Structures are given as C-alpha cells and as structure tokens.
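Written out below as structure tokens is the structure these notes cover.
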Amino acid sequence: MLEDIDRLIEAVKVFHAENQQELEQFRIRYLGKKGILNDLFREFRDVPTNQKKETGQRINDLKQLVTDRIEEISGTFSGNSESDRHHDLTLPGPSIRTGARHPVSIIRNQIIEIFSRQGFTISEGPEIEDDWHVFSALNFPPEHPARDMQDTFFISRNPDVLLRTHTSSVQVRVMEREKPPIRTISPGRVFRNEAISARAHCIFHQVEGLYIDENVSFADLKQILLYFVHEMFGPDVAIRLRPSYFPFTEPSAEMDVSCRLCGGKGCNVCKHTGWLEIMGCGMVDPNVLSFNCIDPEKYTGYAFGMGIERVAMLKYQVRDLRLYFENDVRFLDQFSSAH
C-alpha cells in the first residue's frame with residue numbers, strides 16, 4: 001500500500017491542468033466521494049497495526065499535496081482572461097437581495113402602534129406558566145374544558161406547569177404588580193393542543209388588551225375597538241358585537257368585521273354572511289379583579305384578545321394559516337413592500 005501511495009504522490013507532483021475543467025476532474029478523482037483518497041482510507045482499516053502510523057502519515061501527505069496542487073494551479077488561471085485584465089474595480093458590486101419582515105411581525109407592529117397612540121403600554125411575560133396565572137386568577141372553574149389535556153400542553157412532571165394558552169396570563173402579572181389605572185396590551189406567542197389545518201395551528205400569536213380604571217364602561221370598549229378596526233382595515237369597515245361567554249369577562253362578546261372581499265354582500269370567505277369574526281372581548285369579571293387585589297366596587301375594566309395570524313389573514317387575504325410557519329421565501333417575498 002505504501003508503494004501505491006508513493007506512486008500517487010509522484011503523479012500529483014507532475015500533474016498540470018490546461019483549464020479549470022481539467023483541474024475540477026483532478027479534484028474529483030482524488031477528493032470526491034468516490035475518489036482515490038476515500039478508497040485509501042477504507043483500505044487503511046486493514047493495514048497491520050505496526051504499519052498504521054507510517055501509512056496514515058503518507059495518506060495525509062498525499063491529501064495535503066493534492067489540496068496544495070489544486071490551489072497552486074487554480075492561481076495560474078486567475079487574471080488570464082480578457083475580462084479579468086480589464087475588470088473595472090470602480091463599478092458597483094452585485095446587488096444584495098433585500099429581506100422582508102414576516103407578515104405576522106408586520107401586523108404585530110401595526111397593532112402595537114395603533115394602541116400605543118391611545119396610551120396603551122406593552123407588557124410581556126413567560127411562555128411557560130403556572131395554573132394560577134393562566135386559569136385560576138382568570139376565573140376558570142376547576143372543571144372548565146380549557147383545562148383539559150385536549151386543549152392545553154401541560155408539563156407531565158408537574159401538572160401545575162403548562163405552556164400558556166393565551167397572553168391573558170401577562171395581564172394577571174400586570175394586575176399583581178401595578179395599581180389602577182392600568183392600560184396595557186400583551187402581544188406574544190401561545191400554544192394549544194390542536195390539529196394543524198388551514199384554519200388552526202398548535203402555535204400562534206395573540207395580542208390581548210386590558211384597561212382598568214374608575215367608571216370604565218362597555219361603550220369605552222366599543223369605541224376603542226371601532227377605532228382599531230378603522231385604523232387597521234380602513235374607515236369603511238363596520239363592526240358588530242355578538243353576545244358570548246368567557247370566564248374572565250361579563251358581559252362578553254365576539255366581535256365581527258364586515259368582509260372586505262365582498263363589501264358585506266356575502267362570499268365564500270365569509271360563508272355568505274358578510275361578516276368575519278376577529279376577536280373576543282368584554283368587561284372584566286369582578287371576580288378577576290378581586291383575585292388580583294383590585295377593588296371591584298371602585299374599579300371596572302374591559303379586556304379584548306385577538307389572534308395576530310387571523311388579522312393578517314384578513315388584511316392580506318391569506319387563505320391557509322400554515323403558510324405563516326413554512327418559511328417559504330416565495331410567500332414571504334410578497335410582503336417586502338408592506339410596512
């Protein structure tokens with residue numbers, strides 16, 4: 001085997017290539033996946049122990065010689081072509097492809113900017129939470145379905161620890177450390193144990209809002225939501241509030257916006273109703289205020305929550321929620337001009 005390696009070393013020393021194509025064939029012959037060096041390394045396993053040191057060294061010498069020879073010959077090709085000799089170094093370099101923000105990030109920033117103009121602060125909290133902040137402090141009864149494993153990712157070693165299912169847990173932390181008046185929104189990532197489809201995902205993003213002060217009314221809630229919709233979708237978009245139920249608000253409502261695709265006349269997207277659901281909202285339940293040491297006799301408040309992906313779907317007419325998580329550049333490039 002040593003004699004074969006020595007012959008290969010001598011052949012490499014005298015090798016010369018006339019062009020880049022010949023040099024590439026030489027590189028593949030020695031360094032390719034099916035090249036000579038790979039074959040030598042496989043044969044090296046069968047070399048007697050007393051010869052392994054010397055043989056291994058010679059194989060490495062051959063590999064280094066091949067690498068050096070490729071670099072040496074490659075250097076002789078540069079600067080020989082007519083274009084190389086007359087290249088204008090003052091010309092601008094190749095353009096750099098401009099990236100784009102993710103549509104979820106674009107909508108998140110727009111939502112934050114709209115509510116910031118109305119005096120809302122931004123609050124954030126941990127994604128791994130405990131039962132108190134996600135459920136109990138928000139007036140979820142022990143038997144509430146949202147506590148079931150089909151909706152929530154619990155930590156098996158500690159059933160009191162879970163991945164937050166909404167950013168309302170951040171609002172609880174704000175109420176624990178601050179006294180009214182409180183005016184805040186909580187954007188963030190949340191997790192629910194749901195089957196992934198065009199309209200649902202186990203990971204998504206929310207923005208939830210909370211306002212607590214003296215004499216806060218449902219009319220104040222309706223006004224701020226109408227303002228948000230007009231700023232986000234335009235002044236021609238109407239809203240409607242439908243009675244609903246949430247453990248942490250009373251009264252509660254679902255808010256719909258008029259379909260922008262059909263102008264409220266009815267289409268496949270809005271299921272021919274002329275309306276699209278966008279968020280849940282309501283007046284903060286007195287129990288929630290009491291749990292967080294806020295006097296419900298003195299203070300009232302409202303809360304609302306929306307899915308950022310849902311708003312982005314309506315804003316950009318995206319039909320499949322999964323597109324947000326696939327990182328397909330062809331999809332993301334469509335938002336390079338968005339702001």
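Side notes on the structure shown:
- Summing Lys and Arg as +1 and Asp and Glu as -1 over all other residues whose Cβ lies under 10 Å from the Cβ of Tyr299 gives a net charge of -2.
- Using the Cβ-Cβ distance between Arg330 and Ile9 with R0 set to 41 Å, the FRET efficiency from 1/(1 + (r/R0)^6) comes to roughly 0.25.
- Vicinal HN-Hα couplings computed from phi for region 19-25 (Karplus, 6.51 cos²θ - 1.76 cosθ + 1.60; Hz; Gly/Pro x): 8, 5, 5, 5, 5, 5, 5
- Region 2-77, dipole about Cα centre (Lys/Arg Cβ +1, Asp/Glu Cβ -1), debye to the nearest 20: 360
- Checking the cross-link pairs Lys33/Lys63; Lys34/Lys63; Lys271/Lys315; Lys179/Lys298; Lys33/Lys53 against a 20 Å limit on the alpha carbon distance flags Lys33/Lys53 as lying beyond it.
- Built amide H within the under 5 Å cut-off of Val161, gap 5+: Ile155
- Which label in (i) 0.96; (ii) 1.62; (iii) 1.18 gives the computed Cα Rg over 2.2 N^0.38 Å: (ii)
- Electrostatic tally near Asn139: other residues with Cβ closer than 12 Å to its Cβ, Lys and Arg +1, Asp and Glu -1, net -2.
- Relative to one another, the C-alpha centroids of region 273-308 and region 248-262 are positioned 13 Å apart.
- Residue order, fewest to most beta carbons within 10 Å, for Trp275, Trp132: Trp132, Trp275
- For Gly264, distant residues with modelled amide H under 5 Å away: Cys259
- Panel order for His272, His166, by other beta carbons found within 10 Å of each beta carbon, from fewest to most: His272, His166.
- A straight line joining the Cα centroids of region 1-60 and region 91-110 runs 47 Å.
- Sorted by Cβ neighbour density within 10 Å, fewest at the top, the residues Asp236, Asp333: Asp236, Asp333
- About the centre of its Cα atoms, region 86-202 shows a dipole size close to 400 debye [charges on the beta carbon of Lys, Arg (+1) and Asp, Glu (-1) only; nearest 20 debye].
- Across region 102-112, rounded Karplus estimates of 3J(HN,Hα) from the backbone phi angles (6.51 cos²θ - 1.76 cosθ + 1.60, θ = phi - 60°) give 5, x, 5, 5, 4, 5, 4, 5, 5, 4, 4 Hz, Gly and Pro being marked x.
- Under 5 Å between amide hydrogens, built in the peptide plane, is the criterion, and for Arg199 it picks out Leu321 among residues at least 5 positions away or on other chains.
- For the chain, Cys202, Cys281, Cys293 stand unpaired, since no other cysteine beta carbon lies under 4.7 Å from theirs.
- Cα-based reach from Lys52 at 19 Å (exclusive), listing aspartates and glutamates while leaving out same-chain residues under 8 positions away: Glu3, Asp4, Asp6, Asp39, Glu43, Asp61
- Acute angle (nearest 10 degrees) that the helix 218-233 long axis makes with the longest principal axis of the chain, alpha-carbon atoms: 30
- Calculated [θ] (222 nm, deg cm²/dmol) that DSSP helices of n ≥ 4 give over the chain, each run adding -39,500 (n - 2.57): -11000 deg cm²/dmol
- Candidate aspartates and glutamates for bridging to Lys265, where Cα separation is under 20 Å - those fewer than 8 sequence places away on the same chain excluded: Asp236, Asp256, Glu277
- Couplings for region 285-302, taken from phi via the Karplus curve 6.51 cos²θ - 1.76 cosθ + 1.60 with θ = phi - 60°, read 4, x, 4, 4, 5, 5, 4, 9, 6, 10, 5, x, 6, 9, 10, 10, x, 10 Hz in order; Gly and Pro are left as x.
- Leading residue at positive end of dipole, region 182-274 (Cβ point charges), from Pro235, Phe191, Gly264: Gly264
- Placing unit charges on the Cβ atoms only, positive for Lys and Arg and negative for Asp and Glu, gives the chain a dipole magnitude near 580 debye about its Cα centre.
- Of the beta bridges in the chain, as assigned by DSSP with both residues counted there, near 95 percent are antiparallel.
- Under 13 Å, Cβ to Cβ, from Tyr211 - net charge with Lys/Arg +1 and Asp/Glu -1: -3
Taken together, the values in this text are just the output of simple stated rules run on the coordinates, not laboratory data. Treat the numbers as computed from the prediction; the structure is a model and nothing was measured. Backbone-built Cβ (ideal geometry, glycine too); neighbour counts: all protein chains shown.
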